[in-house]
Each structure stands twice: as C-alpha cells, then as structure tokens.
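Okay, structure first, notes after.
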Amino acid sequence: MKYMLLIYSSPATWDALTQAERDELERAHSELYYELVWSGEWVGGNALADPSRSVGVRVRDGVPVTTDGPYVEVKEHLAGYDVVDCESLERALEIAARIPDAAICGVEVRPIMDVGGMEM
Amino acid sequence: MDPPRPAGQPATAAGQSATAAGQSAGGDGRPAAAGPAAAASLDELLRGLAPRVLGAVLRRYGDFDRTEDAVQEALLAAALQWPGEGVPRNPHGWLVTVATRRLTDQWRSEAARRDREANAAALDPATRPAAGTPSAGAPAADAALTGSGPSATGGPDAAAGGAPAGPAGWAGWAVDDTLTLLLLCCHEALSPASQVALTLRAVAGLTTAQIASAFLVPEATMTRRITRAKRSIAEAGARFGPPPDGDYGARMQAALHTLYLIFNEGYTATSGDELHRAELTGEAIRLTRQVHRLLPADGEVAGLLALMLLTEARRPARTTADGALVPLAEQDRSRWDRAQLREGIDLITATLPRALIGPYQLQAAIAAVHAEAARAEDTDWPQIVALYQLLERRAPNPMVTLSQAVAVAEVRGPRAGLELIAPLARDDRIAGHHRLTAVRAHLLELAGDTAAAHAAYQLASQQTTSRPEQRYLRGRAARLVDPQHPQRP
C-alpha cells in the first residue's frame with residue numbers, strides 16, 4: 001500500500017530554530033531517507049521551494065490566469081512530501097513519526113489511490 | 001551454436017545439463033531446443049528454463065543471492081544473442097555455463113577487491129588471481145550457511161564436473177527444481193510482498209524492471225526488496241532443497257497464497273497503461289499450472305488453478321472500454337472466455353470428489369456455479385449459499401461472510417443478508433472497510449431503503465482507496481437519486 005507523507009512547516013516555527021537545529025533536522029531526514037531506500041519502501045519524495053515561489057493557475061472561460069504566491073495564505077504550508085510503499089498504515093505512521101518535521105510542525109499520512117480495483 | 005565455455009570447463013558439465021534439459025522437457029512438454037523462434041516463444045522458452053537453470057547452479061554452489069543474479073545475467077545474454085545467432089542445441093546447458101561463469105567472475109572480482117583492500121601492492125594487476133586459480137573469494141560465509149559452496153581445492157569449474165553437492169536426503173526429493181525454488185521463495189522469514197517479488201524474479205524469470213513496473217515502484221526500490229529478500233533467506237539458514245520436515249504444509253500454503261496474490265495483482269488492473277500488471281495473471285496461471293503438473297493429486301493446487309482460470313475467463317467482461325468496473329450480475333456473459341471456463345469447470349469437477357476439500361477448491365466451485373449460469377438470473381444461488389457455508393466453516397473470514405450475505409440475499413431476501421453482516425460492524429478486521437459498507441449499500445438498495453443505500457454507497461466511495469471502485473460506488477449512489485445517471489448499465 002502506498003502512502004503520501006505530507007510534511008508541513010510554518011515560518012514561525014522554522015524561524016525559531018537555531019542553525020544547529022536546522023542542520024540536525026536535515027541530517028535526521030536524510031538518515032531516514034537512506035533507511036527507507038535500504039528497506040525497499042521509498043518510492044519518491046521532494047522538498048518544495050518556499051511558498052513565495054508558488055504560482056497559482058486558474059482557468060476561467062478557457063483562459064488560464066496566473067497569480068504569484070500561494071493559493072491561500074495559511075500559517076502552515078506544504079514544505080515537502082515523501083511517498084512510501086509499505087505493509088500497513090501502522091508502518092506508514094511509524095515512518096511519519098520519524099520525519100523530524102513531525103516534532104516541529106506536523107506530517108499528514110494519506111493513502112494513495114490504487115489504479116486497479118475489483119468488481120463487486 | 002556451442003555454449004560459450006570458460007577455459008577449463010569440462011565438457012561433461014554440458015553433457016549432464018543436456019540430460020537435465022531432456023528430462024525437464026519430457027516432464028513439461030516443452031521442446032528441449034527450438035529453431036529460430038519468434039520473440040514470444042523465445043521468451044517463453046527462457047522463462048521456462050529460468051528456475052531449472054537456477055536450480056542446477058544453486059545445487060552446486062548454494063549461494064542464492066549471487067547465483068540468482070548470475071542466472072538473470074545469463075537470461076539477459078541469451079535474450080540478446082539467441083535471436084541473432086540461433087537457439088543453441090542445448091539451451092539449458094548454455095545458460096548453466098554462462099551463469100556459472102558470471103558467478104565465478106563475480107567471486108574473482110570480489111576476491112580481487114578484498115586483496116586490494118588488504119594490500120596496497122595488490123593494485124598491480126599482475127598480483128591479481130589468474131583465471132582458473134582457485135578463488136580465495138569462494139564465499140566462505142555462504143558456504144558455511146548452505147553447506148554447498150565450491151570445494152576448497154577445485155574451485156567452481158571442478159565442482160561443475162563433480163557430483164551435485166546437497167543436503168542429505170536430497171536425492172529422495174524427486175520434485176522439479178521449479179517447485180523447490182517456489183517453496184524457498186515463500187520462506188516464512190519473508191513478508192508476503194517479498195515472497196511475491198522474489199517468486200516473480202527467481203521462479204517466473206521476470207526482470208527487476210518488469211516487476212517494478214508491475215508494482216508501480218522505482219526499479220531501485222524493487223532491487224532493494226529482492227536483495228533483502230534473498231539475504232533474509234540466507235540469514236534464516238534456508239537452503240535450496242526440500243523444506244524441513246513439518247514445514248512442507250505451511251510452506252506449500254504460503255506458496256499457493258503467493259501465486260494467488262500474483263494473480264490478484266494482475267486481475268485488479270483495469271487500465272491500458274497497466275499492461276505489465278495485467279500480465280501477472282498469465283504468470284500466475286503459468287506457475288500454478290506447473291505446480292499442478294508436478295503435484296496432480298494436490299486438490300488445493302488444482303482448486304487454485306481452476307479458480308484462476310474461472311476468474312480470468314471473466315476479464316474481458318469485467319471492465320468497460322474506458323476502464324469502468326462491471327459487476328458480475330451485469331457482465332456481458334457472451335464475452336467470457338469459453339475455453340478457460342471449460343478448463344476451469346472440468347478441473348474443479350474432477351478434483352472435488354477425490355481430493356481433501358480446501359478453501360481454493362470451494363472458491364473455484366463457487367466460480368464454476370456462476371460460470372454455468374447463462375444469464376445472471378439463472379444462477380443457482382442455493383448451491384452458492386451452501387458452498388459459502390462450507391467455506392466459512394473451513395476458513396472463517398469476514399470477507400467470506402460478506403460474499404455469503406450477497407448470496408443469502410438472493411435466496412432469502414435482502415433483510416436476511418443484512419442480518420448476516422450486522423455483527424461485522426463490531427469486527428475490527430473489517431469494520432470501516434469499504435467492502436462491508438458497499439455490501440450494506442447493495443443490500444439496502446435491494447431492500448428498497450434508497451436513502452440509507454445512497455448514504456452507504458457514498459460512505460463506501462470515501463473509504464475505498466481504489467479509483468475504479470470509487471468511480472463505481474459513486475455511480476451507484478448517483479443512479480439512486482437520478483435513474484438517468486450515465487453509469488446505469
């Protein structure tokens with residue numbers, strides 16, 4: 001079963017970290033990454049650029065309209081994601097808890113929809 | 001053409017292999033050698049040979065991890081060379097020889113690496129072990145693990161000419177290497193997902209890229225899983241040979257479950273871009289057919305094969321052209337594959353009276369009853385209810401109760417079905433599962449409780465993590481409030 005681990009961050013909590021704490025966060029995350037690659041559970045994942053680099057796209061009457069900046073202003077934003085393929089939801093939650101951002105802001109675990117299915 | 005033979009490779013090795021190939025060809029009806037074959041039949045030939053080649057090399061060297069890699073490389077070499085140069089007279093011998101050479105090369109290069117690490121002087125190529133020198137890199141740990149590494153004096157080449165090494169009692173295990181490998185790949189030290197991946201590679205002869213593509217994960221991820229699975233087997237001390245006494249039954253059950261999972265993975269594929277995944281049903285049927293041929297008296301093997309055939313026969317009718325799911329009751333039965341249905345029905349009919357009845361046979365029997373109905377309304381539901389009752393007694397499981405409830409509703413009405421599933425809401429294994437909610441929705445719809453059915457279909461569509469199922473469930477919900485909804489068949 002594949003899960004997406006959505007990693008949230010907020011400027012307030014991030015700014016409060018010391019440089020050493022930020023380095024440790026990077027280190028812990030890359031350690032987890034190698035563990036997941038090694039266990040054969042890692043499918044993909046990326047860090048996202050600062051929300052100020054976002055460009056919103058809306059199509060109205062067939063015309064795309066772009067707006068700079070995040071779609072909505074929020075206190076917490078999506079800072080990155082990991083996709084894992086693991087045995088159970090319990091295991092996915094265990095991995096999510098190991099993402100250092102879970103201790104600072106939060107991580108959300110969502111199942112990824114399967115493209116296959118059984119007739120009923 | 002002659003097999004490429006490493007220097008010093010005794011000709012007897014090829015001779016032995018020829019005998020082995022001849023024997024397996026006899027048991028399998030597969031030609032021992034083919035002429036200039038079409039790509040499809042070459043692929044079939046190679047994949048049929050894969051487990052036997054692996055078995056032959058494993059029996060000599062025991063090192064499952066490296067041997068399996070070496071056999072994959074040999075298969076790849078054959079797939080590249082044979083179309084141009086023709087299939088060798090003795091394909092099995094050719095593959096064994098090439099795989100053995102790759103294995104030897106790998107041991108040598110590992111030994112050379114260790115030497116280099118141990119001594120800076122070894123950087124000079126002149127000090128590297130010469131070809132044919134007994135390799136210091138004979139995998140001591142693996143040899144100790146399996147008790148069948150290359151002999152200390154002769155090296156792999158000499159061992160290739162000698163008698164196969166193996167655990168005591170090996171000779172009494174008169175079963176094909178394919179089955180031995182399958183049982184090894186389904187070792188209890190592995191998770192079901194790892195058993196599936198390793199079986200597809202080592203027994204079915206698929207490449208890691210193909211398996212990764214079927215399971216929609218990056219190739220590197222699948223490589224790691226397969227490597228880990230092989231290590232786990234080595235760490236558990238398992239060897240290539242019959243499972244220990246008392247383990248056979250459990251291992252066989254795990255093997256059948258693995259084949260079933262491979263089949264299901266392919267069967268649930270619904271869209272065209274999932275071709276690799278859809279091919280898994282063919283792989284599962286091919287492997288199960290081989291096991292059935294080796295163990296014709298095993299009723300559960302026959303039952304599983306019949307179940308796969310009867311299920312696969314419905315594939316052309318189970319989805320619309322755009323990938324939407326069609327429930328059994330609404331399938332166009334003229335699109336069912338008659339030949340597969342016939343084979344499945346004949347197989348289960350012949351098996352049931354003479355074998356010890358088990359869950360796969362009962363599921364196949366249920367599928368056969370469905371297959372025998374020309375129209376959905378001709379279905380012999382009382383017989384299906386009876387079969388589900390037997391199944392529930394033998395293999396109690398909430399999924400069986402759900403299917404039974406649908407059948408009971410056809411015989412005794414939807415309220416009887418709803419009563420049967422009521423306790424499942426308190427069963428942790430299935431409470432909150434979309435299948436329970438979907439069956440409840442179906443039974444409520446039959447009972448005429450449209451509002452409750454609508455709510456249940458909507459809830460089920462939120463609970464499922466399958467896109468085609470979600471589409472189907474939303475369609476059901478929509479047609480309850482709007483009978484003109486396009487999803488209406």
**Item:** Residue (of B:THR465, B:LEU402, B:VAL369) at the positive-pole extreme of the stretch B:351-489, dipole from beta-carbon charges
**Value:** B:THR465
**Request:** Using the Kirkwood radius over Cα pairs, work out the Stokes-Einstein diffusion coefficient for the stretch B:302-355 at 4 °C and 1.567 mPa s, in µm²/s as a whole number.
**Result:** 110 µm²/s
**Prompt:** Which value, in debye to the nearest 20, gives the size of the charge dipole of the stretch B:177-286 about its Cα centre, when Lys and Arg are +1 and Asp and Glu are -1 at the Cβ?
**Reply:** 300 debye
**Request:** Using only the alpha carbons, work out the radius of gyration and Dmax of the stretch B:332-397 in angstrom.
**Result:** 12.4, 34
**Item:** Estimated FRET transfer efficiency when R0 is 22 angstrom, pair B:ALA220-A:ILE112 (beta carbons, to 0.05)
**Value:** 0.75
**Request:** Could you tally the net charge around B:GLU73, taking each other residue with its Cβ under 12 Å from the Cβ of B:GLU73, Lys/Arg +1 and Asp/Glu -1?
**Result:** 0
**Request:** Between the chain alone and the structure with every protein chain in place, find the residues of the stretch B:214-242 that drop at least 20 Å² of accessible area; heavy atoms, 1.4 Å probe.
**Result:** B:LEU216, B:VAL217, B:PRO218, B:THR221, B:ARG224, B:ARG225, B:ARG228
**Prompt:** What residue among A:VAL43, A:ALA96, A:GLY56 has its Cα farthest toward the positive end of the dipole of the stretch A:23-120, where the charges are +1 on Lys, Arg and -1 on Asp, Glu, each on the Cβ?
**Reply:** A:GLY56
**Overall form of the stretch B:203-337 per C-alpha gyration tensor (a/c, 1.5; a/b vs b/c)** = oblate
**Request:** Calculate one ³J(HN,Hα) per residue across the stretch B:445-450 by plugging θ = phi - 60° into the Karplus curve 6.51 cos²θ - 1.76 cosθ + 1.60, and present them in order as whole Hz with x for glycine and proline.
**Result:** 5, 4, 6, x, 8, 4
**Request:** Calculate, for the stretch B:233-341, the solvent-accessible area per residue in square angstrom, rolling a 1.4 angstrom probe over the heavy atoms of the protein chains.
**Result:** 39 Å²
**Asked** So if we plug the beta-carbon distance of B:ASN264 and A:VAL65 into 1/(1 + (r/R0)^6) with R0 = 45 Å, what FRET efficiency do we get, rounded to 0.05?
**Response** 0.50
**Message:** Tell me the carbon and sulfur percent of the accessible area for the stretch B:242-364, rounded to whole percent, probe radius 1.4 Å.
**Reply:** 57 percent
**Fill in**
The answer for B:THR319, listing residues at least 5 apart or on another chain whose modeled amide H is closer than 5 Å to its amide H, is B:VAL326
**Asked** In Å², nearest 100, what accessible area do chains A and B bury in total when the solvent probe is 1.4 Å?
**Response** 2300 Å²
**Prompt:** Out of residues 5 or more away from A:GLY106 or on other chains, whose amide H comes under 5 Å of its own, with H placed 1.01 Å from N in the peptide plane?
**Reply:** A:TYR8
**Complete:** Interface call, the stretch A:71-120: threshold 50 Å², probe 1.4 Å, accessible heavy-atom surface of protein chains, chain by itself vs complex, result A:GLU87, A:MET113, A:ASP114, A:VAL115, A:GLY117, A:MET118, A:GLU119, A:MET120
**Complete:** Per its Cα gyration tensor (rounded if a/c is under 1.5, else prolate when a/b beats b/c, else oblate), the stretch A:29-120 is best filed as oblate
**Request:** Using the Karplus curve 6.51 cos²θ - 1.76 cosθ + 1.60 with θ = phi - 60°, work out ³J(HN,Hα) for each residue of the stretch B:384-397 in order, rounded to whole Hz, and write x for Gly and Pro.
**Result:** 5, 4, 4, 5, 5, 5, 4, 5, 5, 5, 7, 9, x, 6
**Asked** Can you give the accessible area per residue of chain A, in Å², using a 1.4 Å probe?
**Response** 62 Å²
**Complete:** Placing each pseudo-label 7 Å from Cα in the direction of the beta carbon, A:ASN46 and B:GLU392 end up separated by a distance in nanometres of 5.1 nm
**At R0 = 60 Å, FRET efficiency that the Cβ-Cβ distance of B:THR450 and B:GLN81 yields, to 0.05** = 0.35
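The values are calculated or read from the model by the stated rules, or taken from the named source; none is laboratory data. A quick note: this is a predicted structure, and the numbers were derived from the prediction, not measured. Heads up, the Cβs are rebuilt from the backbone with ideal geometry, glycines too, and the neighbour counts pull from every protein chain shown. These accessible areas exclude ligands, DNA and RNA; they are computed on the full protein's heavy atoms, side chains included. Shrake-Rupley method; radii C 1.70, N 1.55, O 1.52, S 1.80 Å.
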